[in-house]
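The values are calculated or read from the model by the stated rules, or taken from the named source; none is laboratory data. All of these numbers come straight from a predicted model, not from anything done at the bench. Note that we place each Cβ from the backbone using ideal geometry, even for glycine, and neighbour counts take in every protein chain shown. Heads up: the accessible areas ignore ligands, DNA and RNA and are worked out on the full protein's heavy atoms, side chains in. Shrake-Rupley method; radii C 1.70, N 1.55, O 1.52, S 1.80 Å.
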Amino acid sequence: MDNRYSRQQLFSPIGENGQQLLREKHVLIIGVGALGSASAEALVRAGVGKLTIIDRDYVEWSNLQRQQLYTEQDAQEKVPKVIAAKNRLQRINSELEINAFILDADSEQLFGLLEDVDVMIDGTDNFDVRFMMNDLAQKYQIPWVYGSCISSYGATYTIVPGKTPCLHCLLKVMPNTGMTCDTVGIISPAVQIVAAYQVAEALKLLVGDEEARRKSYLTFDVWKNQHYEINVEKMRNDECPSCGHNPTYPYLAYENQTKLDILCGRDAVQIRPSQPVHYNLEQLASQLRPYGEIQLNPYLLSCQTPDYRVVVFQDGRVVIHGIQDIQQAKSIYYRLLG
Ligand SMILES: [Zn+2]
């Protein structure tokens, strides 16, 4: 067995059959920051036949400490994460199909990517997207693996529609402290542990080892040497709007999707136009040059003014860094782009 998967095939719960199954499977990773990078790399090395990655951000210097797929050059050039990730992943394993989308996912766009997806992996940093994933998972019967981490703490849970409680059911036990990576920081071991659990669960689901699937909600603090598993099997709620008897999938409703939101507490406001806009970035660059220093790549344009930085993506999405006030963001938006 002198092939690249020989050690994995020697592992009897996977074996040659499991390896063949992995080859036929499709995993969707939503968000390729720290968790998504780690899972994507592991799944590509494991030989999962098809991987779809989506993410709305580009690589920044503060990502390099823990987002393992990215390099200084990616940060220098502000390469969108999915593009940098795909390039790196394809160099790790050229045999697989890897699809990359620069997207700030809403449920309609996500729905379009769900075809033949076997497992979804949560690599996001916010609960809006997680609840949308949760509803999509229930509606289309796709298992998914929740994961989150912050500081030295992490949590993960495997959700299988029809078998386990969903994220909505579990809300009661989940800490919602409002902390983000940008306020309390994060260390990479916390990321690696969550991602390792997520990938292990994904592999079990993909090879069909139902018995091995972890049934508990797991949390740990790697710095304080704490590890907890919460038995949540009985928490499934028949009245749950996402997985109960009469589901309404509230997070798929159009009106629940914010068109103007503040990104993960990191001193930035994101604006999404309600009508699709397609910018000619080169033309826009000359228009914005009087305001500040312009940096342009095929995917986005950045304009650094003395007070803030405006980043415009081709699909019309705009992120203004250096401010937190929505009204101020709107006025900058209309002044520069309106
Ligand atoms: Zn539920």
TODO: Answer yes or no: is there a residue in segment 65-73 that is within 13 Å of the chain's Cα centre (by Cα) and surrounded by 19 or more Cβ atoms within 10 Å (Cβ to Cβ).
DONE: yes
Task: Looking only at segment 143-161, and only at residues there that are open to solvent by 10 Å² or more (accessible area, probe 1.4 Å) and within 15 Å of the ligand (Cβ to nearest atom), the one that is farthest from L22 (Cα to Cα) - done: P161
Open item on the list: Here's a check for you: in segment 304-338, which residue that is touching a residue at least 12 places away in the same chain (Cβ under 8 Å) and among the charged types (D, E, K, R) is farthest from F101 (Cα to Cα)?
Closed with: D307
- [ ] Would you point out which residue out of I14, I54, I102, I83 is in contact with a strand residue (DSSP E or B) (Cβ under 9 Å, 6 or more places away or on another chain), β-branched (V, I, T) and closer than 26 Å to Q141 by Cβ?
- [x] I54
Task: Failed condition for Y146, given (1) modelled with pLDDT of 95 or more; (2) over 15 Å from the mean Cα position of the chain (by Cα) - done: (2)
TODO: Answer yes or no as to whether A85 is in a helix (DSSP H, G or I), more than 19 Å from V117 (Cα to Cα) and open to solvent by less than 40 Å² (accessible area, probe 1.4 Å).
DONE: yes
TODO: Evaluate the following for N99: is it surrounded by fewer than 19 Cβ atoms within 10 Å (Cβ to Cβ) and within 25 Å of Q270 (Cβ to Cβ)?
DONE: yes
Task: Set G123, G154, G112: member being under 12 Å from the mean Cα position of the chain (by Cα) and not charged (D, E, K, R) - done: G123
- [ ] Output the number of residues of segment 194-246 satisfying the condition of being of a type outside the set (D, E, K, R), within 18 Å of D122 (Cβ to Cβ) and open to solvent by 50 Å² or more (accessible area, probe 1.4 Å).
- [x] 3
Task: Considering residues of segment 1-60 that are part of a strand (DSSP E or B) and touching a His at 6+ places or on another chain (Cβ under 8 Å) only, the residue surrounded by the fewest Cβ atoms within 10 Å (Cβ to Cβ) - done: K50
